[in-house]
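Worksheet: the structure to be examined is printed underneath.
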Amino acid sequence: MAINTDKNSYTILFAIIMVVVVGSLLAFTASSLKDRVAANKKTEKQQNILFAMGITDADDPNEFVPAQKAQELFDQYVGDEQYIITGSVAEKTKAAFDVEVKKENDKVKQDGSYERKMPLFIGKKDGQEYYVVPMRGNGLWDAIWGYVSLDKEFTKVKGAFFDHKAETPGLGANIKEAYFRDDFIDESILNAAGEYKGITVKKGNTDPKNEDKADNEVDALAGATITGDGVTTMVKKGIKMYQPYFETLKK
């Protein structure tokens, strides 16, 4: 007997079957790729941390280390020097790598009494120590994030990497570009009195070539004021949260 495809019941049944089939395929695909996605995220995070330390591709200083070398180089330059900072207390643990800044921010928003866990990575390169701080903030359209490394005196930035989810191409998206992030290198995070001030992305900065490393400012991106303000807030707050712990290391 022929099936009447004009009936509403047929349409509904067909739709249900397609939803079940497609949903099952998507669930299977997601499950089968879960380990690969997790591995890719781990590699990218290692690349970001290394990049903030100035460890990049041997042939192009503006590119990450190759993915296949990320684990080896991370073990070489960072290794076990991974910490979870809570207030002014540090716990040395590789679990720091799994701490996600976004999730910690969400927990604080949901519960004001929650004690934030902050990951810190201490790398060593060419006899120098790099204290790498992960951070996250908001741009014009969506999330922005970054990794900033500080010198062992906690007075200036040694390297930085910034990225975004949906900033405007050619404008806010340029926080990823070398000419922007490189301005942060050697910029002081303290004022003349030695107090924490952070770094401001400033429109109309009187030092466009960034020769003054003591003014706590970098030049803003053209046409990206809100994104620049987001970077300012992210960097200032991101580093400031670690200040109680950094102060204990100065004593």
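Structure data summary
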{"quantity": "Whole-number D in µm² s⁻¹ for segment 102-142, Kirkwood Cα-pair radius fed into Stokes-Einstein, 25 °C, 0.890 mPa s", "calculated": "194 µm²/s"}
{"quantity": "Kirkwood hydrodynamic radius of segment 1-159, Cα pairs, Å", "calculated": "19.0 Å"}
{"quantity": "Cα-based Rg / Dmax (Å) for segment 66-159", "calculated": "14.5, 42"}
{"quantity": "Net charge, Asn216 excluded, C-beta distance under 11 Å - Lys, Arg +1, Asp, Glu -1", "calculated": "-1"}
{"quantity": "Neighbour net charge for Gly172 - beta-carbon separation under 12 angstrom, K R +1, D E -1", "calculated": "-3"}
{"quantity": "Semi-axis lengths (Å, descending) of the ellipsoid that matches the C-alpha gyration tensor of segment 138-216", "calculated": "23, 14, 11"}
{"quantity": "C-alpha long axis of helix 67-77 to longest principal axis of the chain, angle in °", "calculated": "40 degrees"}
{"quantity": "Calculated log₁₀ intensity ratio I(q)/I(0) where the Debye formula runs over C-alpha points of segment 95-251, q = 0.16, 0.17, 0.18 Å⁻¹", "calculated": "-0.92, -1.03, -1.15"}
{"quantity": "Radius 12 Å from Cβ of Asp229, net charge of other residues (Lys, Arg +1; Asp, Glu -1)", "calculated": "+3"}
{"quantity": "0 to 90° range, to nearest 10: angle between helix 225-240 axis and the chain longest Cα axis", "calculated": "70 degrees"}
{"quantity": "Nearest-ten-degree value, helix 101-110 long axis tilted from longest Cα axis of the chain", "calculated": "80 degrees"}
{"quantity": "Exceeding the 23 Å Cα-Cα cut-off - candidates Lys103/Lys240; Lys158/Lys202; Lys117/Lys176", "calculated": "Lys117/Lys176"}
{"quantity": "Protection proxy ranking, peptides 37-49, 224-236, average beta carbon neighbours within 10 Å, highest first", "calculated": "224-236, 37-49"}
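Read-outs: derived from the displayed coordinates by stated rules, not from any lab. Owing to the predicted nature of the structure, the values given are computational and were not obtained by experimental measurement. Neighbour counts run over all protein chains shown; Cβ positions are idealised from the backbone, glycine included.
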